[in-house]
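Sharing a structure with you now.
The values are calculated or read from the model by the stated rules, or taken from the named source; none is laboratory data. Model, not experiment: these values are computed from the prediction. We place every Cβ from the backbone using ideal geometry, glycine too, and count neighbours over all the protein chains shown. These accessible areas exclude ligands, DNA and RNA; they are computed on the full protein's heavy atoms, side chains included. Shrake-Rupley method; radii C 1.70, N 1.55, O 1.52, S 1.80 Å.
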Amino acid sequence: MPAGDSFFIATPIFYVNDVPHIGHAYTEVAADVLARWHRQRGDDTWLLTGTDEHGQKILRTATSHDVTPQQWADKLVTESWKPLLETVDISNDDFIRTTDERHEAGVQKFLQKLYDDGFIYQGEFEGSYCVGCEEYKQPGDLVEGTGPFEGEQVCAIHSKPVELLKENNYFFRMSDFEQRLLDLYEQQPDFVQPETVRNEIVQFVRQGLRDLSISRQSFDWGVKVPWDEEHVVYVWFDALLNYVTAIGYGVDDEQFHRRWPAVQLVGKDIARFHAVIWPAMLMAAGLPVPKAVFGHGWLLVGGEKMSKSKLTGIAPQQITDVFGADAFRYYFMRAITFGQDGNFSWEDIAARYQAELANGFGNLASRVVAMITRYFDGVVPVAGELTDADLAIRETELRVTAAADAAIERFAINEALASIWELVDALNGYITEQEPWALAKHDDQRERLATVLSTALRGLGTLTVLLSPFIPTATHTLWESIGQGTLTSQPVDRAAEWSSAPAVVPLAAGLFPRIEQPEPAA
Ligand code: MSP
């Protein structure tokens, strides 16, 4: 896409019934890398995240802790969810809570419009509900329970029994949108990505859509239905609307039209809500559907989806305390094919930290800066005549920049990093072959030494620009030593055009210090 376009990216909003684990941080980091990249290529970028605070799940958790749901949500947002953004260095532009006044007012406005336009009717609802998923389940979604639930039908995701609901509710005419949704998937094949998730969604809609119960009467922790205050809005209907209430739906048309439609990043478990219910709601309201819905995979621990309830939850801070935020971000973006499941292990992150960040990139930076300091008193040398080897580095800089930009456009975050790493490897190979330390021993090789170190520094600066959306802290430190201007103002899609400072400043310490203890103490 041409630089300067609007790029609005949103993460799902997170349930505040529990504290964050690395699965949640994974979604945040991926969205943040995409946002930082787009921002740095000059797009009009907006990154939205937030919390999902209504519904039975939160109500029950709060009640079991003897506090009101509002008190519970306030505590979790302040003590856990906002701090998560600091822990993994998220550059969000806004944080929406579904208990915000602006959100509740927007939900009511949207709902009233759908009601006035005839998309909502009252009826009797009977069905199975999983409070863990906050979702009505079809018989095909249930499996035989085991252990304490043997003989019962349980939710396939939470392994817990579903609850039978019989209520008088309001319904959204979702079935009206079946054909329009199928047309959308057909005409805009990249609306749902990746292909695996798209196929599942198309399959699901082809089986036929039922109208959706969108209100509840048996509890009151939610947004009140504006024309019937006995009902609260179904938590997913409420939550999905955060993507438009946060950018001024119904109150600030200018901001709304500037930002909408969004790119939506979600875990594949909630792709159905975002690729079926959400576009149907938007179509009913006469609004454009999202630009794309990308369903990423799950983080697995020991081969299973990591979850707090199964005691496999790892807090992001356990990892950042040992390796730092940059390494957390790098590892998850590099080691897992974005869109597929990926296994986390301490051994793997420790190995990549050492081989790729400390030895691959960190040492390269230290060596180049140290040699310019030592052989040229820090003054950046001017290149003489270029050999094929020098030109090959220039060519690699341009090639990987274009490849990484194209990969980001396709949400192939790990491929972008793999491309950028070709430059890390090329520069390390170049230094080994050119042996600047040997050239430095001969006065008649002074010009060649200047050319080699100038070429290496140029490549290093290009790397710094390309890596800044992924590892913002280390690249900032390195930029302070070699670059001119502000790092985040360097156009990432023209990374090789960066300007160096007249002289480098020695790096006080390695960018990725040695880790003595790869696992936190038990
Ligand atoms: N509140 C809803 C979303 C509403 S959006 C309008 C919700 N919240 S959640 O807290 O349960 O999950 C938020 C996100 O975290 C989802 O995208 C989910 O897929 C992701 N993850 C939760 N566990 C995960 C892993 N183990 N691995 C990767 N992502 C995971 O659903």
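Using a probe of 1.4 angstrom, how much of the accessible area of the range 359-425 is carbon and sulfur, in percent?
Values: 1590 of 2900 Å².
Taking all protein chains in place, the range 359-425 shows 55 percent carbon and sulfur surface.
Using θ = phi - 60° and the Karplus relation 6.51 cos²θ - 1.76 cosθ + 1.60, list the HN-Hα couplings for the range 70-86 in order, rounded to whole Hz, with x at every Gly or Pro.
Values per residue, Gly and Pro as x: 5, 4, 4, 4, 4, 5, 5, 5, 6, 8, 10, 7, 5, x, 4, 5, 6 Hz.
Please list the non-local residues whose amide H lies under 5 Å from the amide H of His296, H modeled 1.01 Å from N, same-chain partners needing a gap of 5 or more.
Counting only residues 5 or more places away or on other chains, the set is Val266, Gly267, Lys268.
Where nothing but the Cβ of Lys and Arg (+1) and of Asp and Glu (-1) is charged, how large is the charge dipole of the range 327-424 around its Cα centre, in debye to the nearest 20?
On the way: 8 positive and 14 negative charges, 59 e Å.
Once rounded to the nearest 20, the dipole reads 280 debye.
Rounded if a/c is under 1.5, else prolate if a/b beats b/c, else oblate: with a ≥ b ≥ c from the C-alpha gyration tensor eigenvalues square-rooted, which is the range 129-212?
Values: a/c = 3.18, a/b = 1.63, b/c = 1.95.
Oblate, since a/c reaches 1.5 and b/c is not below a/b.
If each of Leu165 and Asp253 carries a label point 7 Å out from its Cα toward its Cβ, how far apart are those two points in nm?
The answer from the label model is 3.6 nm.
OK, next. Identify the chymotrypsin sites (Phe, Trp or Tyr not before Pro) of the range 182-231 meeting these criteria: DSSP loop state and at most 14 other C-beta atoms within 10 Å of the C-beta. All intermediate terms of the calculation are to be shown ahead of the outcome.
Numbers: sites: Tyr185, Phe191, Phe204, Phe219, Trp221, Trp227; in loops: Phe191, Phe219, Trp221, Trp227.
Passing both the DSSP loop test and the Cβ count: Phe219, Trp227.
Whole-Hz Karplus ³J(HN,Hα) for the range 378-392, in order, using 6.51 cos²θ - 1.76 cosθ + 1.60 and θ = phi - 60°, x for Gly and Pro?
x, 6, 5, x, 9, 6, x, 5, 8, 8, 4, 5, 5, 5, 5
Just how far, in whole angstrom, is the range 1-62 from the range 151-195 if you go by their alpha carbon centroids?
Cα centroid of the range 151-195 versus Cα centroid of the range 1-62: 22 Å apart.
Okay, moving on. Check which residues have an amide H placed less than 5 Å from Glu135's amide H, if you skip close sequence neighbours.
The answer is Cys130.
Also, I was wondering about something else. In the structure displayed, which of Lys160/Lys305; Lys109/Lys224; Lys75/Lys268; Lys75/Lys305 lie more than 19 Å apart, Cα to Cα?
Among Lys160/Lys305; Lys109/Lys224; Lys75/Lys268; Lys75/Lys305, the Cα-Cα distance tops 19 Å for Lys75/Lys268; Lys75/Lys305.
Once amide H atoms are placed 1.01 Å from N in the peptide plane, what residues at a sequence separation of 5 or more from Thr51, or on another chain, have their amide H within under 5 Å of its amide H?
Sorted by chain and number, the residues that satisfy this are Phe14, Ile96, Arg97, Thr98.
Moving on. Only Lys, Arg, Asp and Glu count, each charged at its Cβ (+1, +1, -1, -1), so figure out the dipole size of the range 177-225 about its Cα centre, rounded to 20 debye. Don't skip to the answer; put the middle values down first.
On the way: 6 positive and 8 negative charges, 54 e Å.
Charge dipole of the range 177-225: 260 debye, to the nearest 20.
Hey, another quick one. How many percent of Cα pairs in the chain exceed 47 Å?
Numbers: 26358 of 135981 pairs.
So the portion of pairs separated by more than 47 Å is 19 percent.
Report the charge-dipole magnitude of the range 198-266 in Debye, nearest 20, computed about the Cα centre from +1 at each Lys and Arg Cβ and -1 at each Asp and Glu Cβ. Could the numbers behind the result be given before it?
Numbers: 7 positive and 10 negative charges, 92 e Å.
I would put it at about 440 debye.
Right, another one. Reachable aspartates and glutamates from Lys441, Cα under 17 Å, same-chain residues fewer than 8 places away excluded?
Excluding near neighbours in sequence, the set is Asp377, Glu433.
In terms of Cα to Cα distance under 21 Å, which lysines are near enough to Lys82, apart from those fewer than 8 places away along the same chain?
Lys57, Lys308
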